[in-house]
1. Within the stretch 21-37, can you find the residues that are of a type in the set (Asp, Glu) and either without any contact (Cβ under 8 Å) to a residue 24 or more places away in the chain or under 19 Å from residue 161 (Cβ atoms) (or both)?
2. Pairs please, first residue from the stretch 83-110 and more than 12 Å from residue 71 (Cα to Cα), second anywhere and outside any helix (DSSP H, G or I) and basic (Lys, Arg), Cβ atoms under 7 Å, 6+ apart in sequence or on different chains.
3. Suppose we filter 44, 69, 21 for residues that are surrounded by fewer than 20 Cβ atoms within 10 Å (Cβ to Cβ), within 27 Å of residue 136 (Cβ to Cβ) and aliphatic (A, V, I, L, M); which single one remains?
4. Find the strands (runs of 3 or more DSSP E) located wholly in the stretch 45-93 whose residues include 1 or more that are closer than 16 Å to residue 26 by Cα, at pLDDT 95 or above and not β-branched (Val, Ile, Thr), and list them.
5. How many residues, within the stretch 135-179, are part of a loop (DSSP other than H, G, I, E, B) and among the β-branched types (Val, Ile, Thr)?
6. Of the residues 40, 14, which is farther than 24 Å from residue 178 by Cβ and part of a helix (DSSP H, G or I)?
Amino acid sequence: MAQGATIYNLTIDLADMDRGVYEALELRVARHPSESAEYLITRVLAYCLEYTEGIAFTQGISAGDEPAVLVRDATGQVTAWIEVGLPDAERLHRGSKLSGRAVVYTHRDAVQLCAQLAGKKIYRAESIPIYTFDRGFIGGLSGGLDRRSALSISVTEGQIFAGIGDLSLRSAITAHQIA
């Protein structure tokens with residue numbers, strides 16, 4: 001019998017001063033059995049850092065033709081395609097053409113990802129940022145994550161500050177470009 005997804009109930013106080021977004025979020029996030037804790041926390045951070053009206057988690061790993069997070073306008077049109085991890089060139093090409101904007105958040109080596117994508121057919125590749133965090137930041141957050149967790153996330157001047165339980169972490173949000 002296949003193992004089902006684990007549900008995480010997250011309460012997040014979000015203060016993104018760089019974008020003027022201040023929200024209290026109550027999220028139910030499903031973690032697929034093949035999904036690492038680092039991938040899950042990167043997916044949650046991508047949601048928070050891209051938070052806007054119409055944002056939603058997709059079925060993620062379970063739905064191969066969708067990104068981890070999508071933003072749709074009131075008409076249902078996709079306005080942002082938000083990938084997590086190590087997406088391939090074909091997915092980014094499709095997402096960039098389909099939406100007004102594509103972006104990647106990764107907990108992996110961004111230099112390796114950029115090299116992997118360089119020279120591949122990707123619509124508007126030069127306008128797709130790949131965001132990373134300092135080593136240890138994702139690991140620290142994922143290590144403190146329980147099925148019911150309260151997080152505080154603050155973003156200012158390209159820095160992210162996160163608290164979970166007694167743990168406080170900080171990281172630069174670094175943007176990379178596909179060469």
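1. Correct list: 23, 26.
2. What qualifies is 85/108; 86/108; 89/120; 89/121; 93/121; 96/124.
3. After applying the criteria, what remains is 21.
4. Result: 55-57.
5. Counting residues in the stretch 135-179 that are part of a loop (DSSP other than H, G, I, E, B) and among the β-branched types (Val, Ile, Thr) gives 2.
6. When all the criteria are applied, what remains is 40.
Residues are listed down the side, and each one gets a yes or a no for (1) under 20 Å from residue 88 (Cα atoms); (2) out of contact with any Pro (no Cβ under 8 Å at 6 or more places or on another chain):
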| residue | (1), (2) |
| --- | --- |
| 22 | no, yes |
| 27 | no, yes |
| 31 | no, yes |
| 35 | yes, yes |
| 39 | yes, yes |
| 49 | no, yes |
| 52 | no, yes |
| 58 | yes, no |
| 66 | yes, yes |
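Condition check ((1) under 30 Å from residue 90 (Cβ atoms); (2) touching a residue at least 24 places away in the same chain (Cβ under 8 Å)) across all residues:
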position: 124; (1), (2): yes, yes
position: 131; (1), (2): yes, yes
position: 140; (1), (2): no, yes
position: 143; (1), (2): no, yes
position: 159; (1), (2): no, no
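The values are calculated or read from the model by the stated rules, or taken from the named source; none is laboratory data. This one's a predicted model, so the numbers in the text were calculated from it and none came from an experiment. Heads up, the Cβs are rebuilt from the backbone with ideal geometry, glycines too, and the neighbour counts pull from every protein chain shown.
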